[in-house]
1. Which one of ALA182, HIS205, PRO220 has its Cα pushed farthest toward the positive end of the charge dipole of segment 179-255, where Lys and Arg give +1 and Asp and Glu give -1 at the Cβ?
2. Which Cα, out of THR117, VAL81, LEU152, lies furthest along the positive dipole direction of the chain (beta carbon charges, K/R +1, D/E -1)?
3. Just how large is the dipole of segment 110-255 about the Cα centre, in debye to the nearest 20, putting +1 at every Lys and Arg Cβ and -1 at every Asp and Glu Cβ?
4. How big is the Cα convex hull of segment 1-44 in projection, averaged over all directions, in nm²?
5. Quick one: order ARG101, ARG12, ARG22 from most to least accessible surface, probe 1.4 Å.
6. Under 37 °C and 0.692 mPa s, how fast does segment 214-255 diffuse according to Stokes-Einstein, given a Kirkwood radius computed over C-alpha pairs? Answer in µm²/s, whole number.
7. Charges only on Cβ, +1 for Lys and Arg, -1 for Asp and Glu: so what's the dipole of segment 49-189 about the Cα centre, in debye to the nearest 20?
8. Provide the per-residue ³J(HN,Hα) series for segment 14-19, in order, calculated from phi with Karplus coefficients 6.51, -1.76, 1.60 and θ = phi - 60°, each as a whole number of Hz, with x at glycine and proline positions.
Amino acid sequence: MSPALALARTGRAEWSRIWSVRSSWIFAVVLAVVVLGFGAVIGSDAAADPSDITPGSTAWDGARFTGMFALFGILAMAVVVSTADHATGGIVPTLQWTPRRGILLAARTVVVVATTTLLGVGLVLAGATVVWSFVPHLGLPLVDGLEMAGDLGFILGSGALLGVGLGLATRSTAAALVLAIALMLVGPLLLAQLPYEWTLDVATHLPGSGALFLIFGEGPRDDMTTTSARLTLAAWGLAALVAGGWRLLATDADR
């Protein structure tokens with residue numbers, strides 16, 4: 001079988017594996033409730049006090065803040081999906097069906113990252129329509145919507161890549177989730193509060209700081225830029241995938 005055909009077949013199997021279990025649907029439903037719910041909160045607050053609305057803002061700007069909730073949901077879903085085979089022992093029959101581990105790694109990475117990213121972006125875009133329903137005068141300009149979708153796609157995609165990498169590297173749902181939360185939330189917020197220059201440096205180079213800057217425009221340091229935040233997110237995602245990919249390719253899959 002050609003590598004392209006094997007990759008396509010494995011990709012279809014990975015897609016079926018994601019959506020054939022209840023946990024994936026639970027993640028999707030809960031994430032939808034959270035994102036759309038916060039969209040309604042943001043919209044209702046804006047409608048109740050129009051003076052707080054920044055001139056020139058659109059409904060897309062209000063929905064952008066729901067991206068942080070989408071990020072954590074997508075990150076958790078990517079971790080759980082990536083570690084499910086190892087938690088249940090299903091990795092053994094998976095590799096019997098797809099013995100070429102490089103193809104399995106590629107298919108799992110592409111399918112999980114694409115699926116979770118599209119889910120997150122779609123929910124945030126839907127959240128924008130919820131915000132707009134409360135304050136229709138803000139509008140939903142197409143150009144602004146495309147720009148926001150691109151920004152969030154990068155953030156969520158990098159987060160999903162980090163989740164897949166951590167899942168494959170640790171092969172433990174609990175360990176990967178703890179690491180993901182530490183890197184994306186606890187680490188940046190905690191280190192940024194300490195009165196030391198080196199803790200600020202560490203916090204600035206954590207992926208959570210990059211995500212926060214791209215969503216809220218604020219970071220641990222005033223000299224953070226969009227480029228540096230993007231590079232930080234991408235570097236962590238790729239580094240995690242390299243670590244997880246190495247473990248899948250070079251070690252026993254059931255240990």
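The values are calculated or read from the model by the stated rules, or taken from the named source; none is laboratory data. Since the structure is predicted, the reported quantities are computational estimates derived from the model, not experimental observations. Cβ placement follows ideal geometry from the backbone for every residue including glycine, while neighbour counts extend to all protein chains displayed. SASA here: full protein model, heavy atoms, side chains in, ligands and nucleic acids out. Shrake-Rupley method; radii C 1.70, N 1.55, O 1.52, S 1.80 Å.
1. So the residue furthest toward the plus end is ALA182.
2. VAL81
3. Approximately 440 debye in magnitude.
4. One quarter of the hull surface, i.e. the mean projection, equals 4.1 nm².
5. ARG22, ARG12, ARG101
6. 264
7. Computed charge dipole of segment 49-189: roughly 800 debye.
8. Ordered by residue, 3J(HN,Hα) equals 5, 4, 5, 4, 5, 9 Hz.
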